[in-house]
Each structure stands twice: as C-alpha cells, then as structure tokens.
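Right, one structure below, let's go through it.
The values are calculated or read from the model by the stated rules, or taken from the named source; none is laboratory data. The structure displayed is predicted, hence computed values, not measured ones. Note: ideal-geometry Cβ built from the backbone for every residue, glycine included; neighbour counts use all protein chains shown. Only protein heavy atoms, including side chains, enter the accessible area calculation; ligands, DNA and RNA are left aside. Shrake-Rupley method; radii C 1.70, N 1.55, O 1.52, S 1.80 Å.
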Amino acid sequence: MATLPHAAPVAQGQARRHRGSGHWRRVFGQTPTGMQRAIGPPDLERARHRCYGSGCKAPNAKDRVAKMKQMDWTDLWILAAVSRAKTLRQAAERLRLSPATLSRRLDALEAAYGEKLIDRQRSGCVATAAGLRVIASVTQMEEIAAEIERGRDVQGAQGLVRINADEWMSYFLTMRMARFRALHPNVAVEIVTSHRPYSLGRRETDIGLRAFRPENGDLVSRRLGRMTFGLYCSRSYHDRHGPAIAAQDWSALSFVGFDEARSGLAAERWLAALPGVPATGLRCSYALGIFDGVSFDCGLGVLANFIAEGRDDLIAVLPHIPELDQDIWLAMHRTLRSSVRVRAVWDHLCGLFPTAAAPAGSQDGPLT
C-alpha cells in the first residue's frame, strides 16, 4: 500500500448550518421535523431507529452515494489497514499515525458511510459485514492504483519503490545504494525496516528481502545468497580481556544482545547456550544497537559478518557461527514484473549478489 498522504481529521458526523439557526447541527440522513437537533456519534444509531420508526425511510443507494462523496478517501485505506493488522496499534505503526488518529478517522468514516465498519474489541479489530464489503472495494482500488503506477513506467524508471527488510539487510542495502541513485536519479527508494515482514500480496511493500523462501503463489522470488554471523568485540576490549577470550572463559566476559522482547531470536538462543555465559549486560531492541555496543567496548556480541569487513576496530572472537546462517530471498508480487522502476531496483539488488540463483526446477526465479 502506498504511503498515506496527510489529510486533516474529519469531524465526527456530517456538520452543516441550517438556515435561520445560530448554531451547528449534525444531521444524519433526512430526519423528520422536530428531529433536527444536535446528534453526536453515540446517538447516531438510536437516532436512526427513532427516525425509521417514525416513518422515515432508511437511506437508499442514492443517499449512500451522496454521503460517500463527503468522505475522505484516505480513510478507506485506513479501514483496510486496521482490518489487516487486526489492532489499531499495529496499523498505526505501519501507517505512521497515532492510534488515536486512526480511531478518530474510523469514526468519521463510519459516520459518513452510515454503518458500523469495524468492531473494536479488547482482543482486536474485526471488520463487520459492511466493512468487509468496503474493504473488498478498497482492494480493487489498490489494484487499479497499481495499474496506473505501472502505466507511468512507460516513460522510463521513475517514482517510488519500497523495500522491506530486517535490520541487518536494511543496513547492507543502505551502504550499497549510491550507484543505483546515480544510474536512476528519478527513482526514489524507501527502505522500510521491520523485524516482521510486510505483506507483498497486499502491496504493503514493493520488494521484500526475507530470510526464508516466500510460499505465496502470487510472488516471484529469487535466492540471492546467504548471510553469515560471527561473535565480535572491539579491539580495545580484546586488549583488556585477551586471556579470557582466548580461553573462551565466557563467565569472565560481558555481552551485548537483544532485549527480553526478542530473546527468542536464534542469535539470543545461541548466546544463552554458551557454557557459563553471564546475563547480557547491555540489551538493545534493535540489531544496530548491538553493533554500536560492541564497537564502543561494551562486550561481545553477535554481528553479521559483512558489517565487520574492513574494520580494524573489530575483532572476530568466533569468525563464523554456522547455526545462525540465513538464506537471503528477494521477492515481489507478480503484477510488478512489468514495472520499469521496480525491475530497476530488483536488478540492482541481484547485482549485489553475483551468485544469485533460484532453486532448480522452481517456478520462481530470475525475471524474464
């Protein structure tokens, strides 16, 4: 899904000034005489029932279309994002908005549409039947928007390409994008870093770099290579603790690792299994925090090998930890194969791994 443009919050309900009145009233549909009082969102459903019980007709399709013209179309994408993420918090992280803003805009959308679209429960957010119908239409709109974007590519590589990767791969790419920018100055690249993969099928990102082979049949994928890891410390830390490091006396050393929330990662499990290893002295919520901690003498930590290449200030205590090897897979949705700008980024990424290849007999692989 494309980054949502900024839009001012829409007020709850549809406000208009009635001729001859000195204050604002919110009116739902066509209320009978005497019912034109200020109606807030909590009264919305009760007002409808009272209105219909008085002989007033429910809004028909024509009325619904008229109301749709008043809504903010960006809120439709917010509805779809909340439904897909299952919670306001996770949707807010993806859309880079606050949960309060998402809640307010969902209220505005429901008021404009005239029906409840999302059930916000303690366990998460679930789309109603009406919400599912709207989301189905939003999905079609996303596909149309993607088709329009592909149409722009006939003029050459230009526009935005989003790449989703974990922290190590994001750092790897950032170090190697200067040549691409020089060759394709009209293509903007956005590297979206997250531990949890963004969905390629739902167009949350254009290209994904994964540590596993994507199984979705609508995706094109290619194995690029393998990322390896080692145990490192700074040169000055090694100078102070050389004998203990040489003897692998882990109990006499300090370690840098992930925080409790990410203690289940393979690197953390490997560290915890070292004989006599003490509790991690410095914990970080992100991989580059470990890199910084190791670089500034805080102890030993697991780093991707590429990050230590050519650095005289880092010492490999264990140059290779085979148990932590990760395959690197490149993937995108099949519908983007004809996009010039996406293909340009894809080809550049493949060029960073000269031995990139797809499994023999696989339907996935190099683009044709």
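Numbers for the structure displayed
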{"quantity": "Hz values of 3J(HN,Hα) by residue in the stretch 208-215 - Karplus curve (6.51, -1.76, 1.60), Gly and Pro given as x", "calculated": "x, 10, 10, 8, 8, 7, x, 9"}
{"quantity": "Global form of the stretch 245-302, assessed from the alpha-carbon gyration tensor, a/c cut-off 1.5", "calculated": "oblate"}
{"quantity": "Percent accessible area from carbon and sulfur atoms, the stretch 251-363, protein chains only, probe 1.4 Å", "calculated": "53 percent"}
{"quantity": "The stretch 81-235 - Rg and Dmax from Cα coordinates, angstrom", "calculated": "19.1, 66"}
{"quantity": "Pairwise FRET efficiency - residue 120 versus residue 141, Cβ, R0 = 25 Å, nearest 0.05", "calculated": "0.60"}
{"quantity": "Note, ³J(HN,Hα) from phi for the stretch 327-342, Karplus 6.51, -1.76, 1.60, rounded to Hz, x at Gly and Pro", "calculated": "6, 10, 10, 9, 8, 7, 6, 4, 5, 8, 4, 8, 6, 5, 5, 5"}
{"quantity": "Those chymotrypsin sites (Phe, Trp or Tyr not before Pro) in the stretch 188-258 that DSSP places in a loop and that have at most 12 other beta carbons within 10 Å", "calculated": "212"}
{"quantity": "Calculated FRET efficiency for the pair residue 215/residue 129, C-beta based, R₀ 35 Å, to 0.05", "calculated": "0.70"}
{"quantity": "Efficiency of FRET from Cβ geometry, residue 89 and residue 270, R₀ 35 Å, rounded to 0.05", "calculated": "0.70"}
{"quantity": "Long-range amide H partners of residue 254 with built H, under 5 Å", "calculated": "300"}
{"quantity": "Net +/- balance of residues flanking residue 271 in space, Cβ distance below 14 Å, scoring K and R +1, D and E -1", "calculated": "-1"}
{"quantity": "3J(HN,Hα) from dihedral phi, the stretch 219-226, Karplus parametrisation 6.51/-1.76/1.60, rounded to Hz, x for glycine, proline", "calculated": "9, 9, 9, 8, 7, 8, x, 9"}
{"quantity": "Around residue 234: net Lys/Arg minus Asp/Glu count, Cβ-Cβ under 11 Å", "calculated": "-2"}
